[in-house]
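For reference, the structure is listed below as structure tokens.
The values are calculated or read from the model by the stated rules, or taken from the named source; none is laboratory data. If you're wondering where the values come from, they're calculated on a predicted model, not measured in any experiment. Positions of Cβ are backbone-derived with ideal geometry, glycine not excepted, and every protein chain shown enters the neighbour counts.
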Amino acid sequence: MFNLCFASFCPHPPILLPSVGSTEDRKKVKKTIEKLEFLGKELKKANPDVIIISSPHLDWGFNVPLRFLAPNFKGEIKTFLTDSESPAFWFEKGKKLFSNSQEFENKKLALIASGDLSHCLKEDGPYGFHPDGPKFDKALIKYLRVKNIKNFLKLNEMYPEANECGLRSFSFILGILDASGIDWQPEILSYESPFGVGYLVVNFKKDETF
């Protein structure tokens, strides 16, 4: 069993990167960038031996959060591609990883769930607008704040047209946190959607530290 020292939800739009997004684009996601940089400092203080990162995508799904949170990390990085199955499946998979893994015995571990919320928040967004989009984002944040995991895991059923990509990734990390027995508290650092996609940054805290 490993020791958790850090956990977060992070968005992963390539537009956050200076090599991709224009100066004007990056100004529109200033809050997201600032909060990711804050999380990067928190991760550095946590000083993990291993980072577990989950994402529904290869390439930017893993690379964008690491660019902000751990660009010079020299430890081990373990990745999980959460691109299929239900949120409940990934929640249980996270629980089993914590309970059964001997690979990370006595190591300090950091968790990063990479993913975006709805992609249909605006008419000019990537998937246009659908009412499920803003409803999904609002409900996800609500259920996370009150730690209603049962409903959190059913969000894809409640709002099937939200066109999100992060729910399974988030559920995997929540499964690990649940199995740890830690009384974690979600700190919503920022949420914005200037391009029609929901970008949520969350830091998980304990009363003291993990």
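Taking every residue in segment 177-195 that is modelled with pLDDT under 95 and pairing it with any residue that is polar (S, T, N, Q) and in a helix (DSSP H, G or I), at least 6 positions away or on another chain, the pairs with Cβ-Cβ distances below 7 Å are ALA179/SER99. Cβ-Cβ distance below 9 Å, separation of 6 or more or different chains: which pairs start in segment 95-120 with a residue that is within 25 Å of ASN47 (Cβ to Cβ) and in contact (Cβ under 8 Å) with a residue 40 or more places away in the chain and end on one that is part of a strand (DSSP E or B) and acidic (Asp, Glu)? Correct list of pairs: PHE104/GLU76; LYS107/GLU76.
Every residue, every condition in (1) within 23 Å of PRO65 (Cα to Cα); (2) among the small types (Gly, Ala, Ser); (3) surrounded by fewer than 19 Cβ atoms within 10 Å (Cβ to Cβ), yes or no:
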{"position": "GLU161", "(1), (2), (3)": "no, no, yes"}
{"position": "PHE170", "(1), (2), (3)": "yes, no, no"}
{"position": "GLY175", "(1), (2), (3)": "yes, yes, no"}
{"position": "GLY181", "(1), (2), (3)": "no, yes, yes"}
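Is it the case that segment 96-118 has a residue that's surrounded by 19 or more Cβ atoms within 10 Å (Cβ to Cβ), more than 23 Å from PRO65 (Cβ to Cβ) and either out of contact with any strand residue (DSSP E or B) (no Cβ under 9 Å at 6 or more places or on another chain) or polar (S, T, N, Q) (or both)? So far as segment 96-118 goes, no, none of its residues is surrounded by 19 or more Cβ atoms within 10 Å (Cβ to Cβ), more than 23 Å from PRO65 (Cβ to Cβ) and either out of contact with any strand residue (DSSP E or B) (no Cβ under 9 Å at 6 or more places or on another chain) or polar (S, T, N, Q) (or both). Test each condition in (1) at pLDDT below 95; (2) under 20 Å from ASP116 (Cα atoms); (3) surrounded by 14 or more Cβ atoms within 10 Å (Cβ to Cβ) for PHE2 and report the one that comes out false. It is condition (2) that PHE2 fails. On the stretch given as segment 32-48, residues that are over 16 Å from the mean Cα position of the chain (by Cα) and either basic (Lys, Arg) or buried (at least 16 other Cβ atoms within 10 Å of the Cβ) (or both) total 5. Within the set of pairs 6 or more residues apart or between chains, which connect a residue that is closer than 17 Å to GLY115 by Cβ and touching a residue at least 24 places away in the same chain (Cβ under 8 Å) inside segment 14-43 to a residue that is part of a loop (DSSP other than H, G, I, E, B) and not hydrophobic (A, V, I, L, M, F, W, C) with Cβ atoms less than 6 Å apart? Close Cβ pairs (under 6 Å, with a partner that is part of a loop (DSSP other than H, G, I, E, B) and not hydrophobic (A, V, I, L, M, F, W, C)) amount to ILE15/GLY21. Suppose the filter is surrounded by 14 or more Cβ atoms within 10 Å (Cβ to Cβ), part of a loop (DSSP other than H, G, I, E, B) and among the small types (Gly, Ala, Ser); does SER54 pass it? No, not satisfied.
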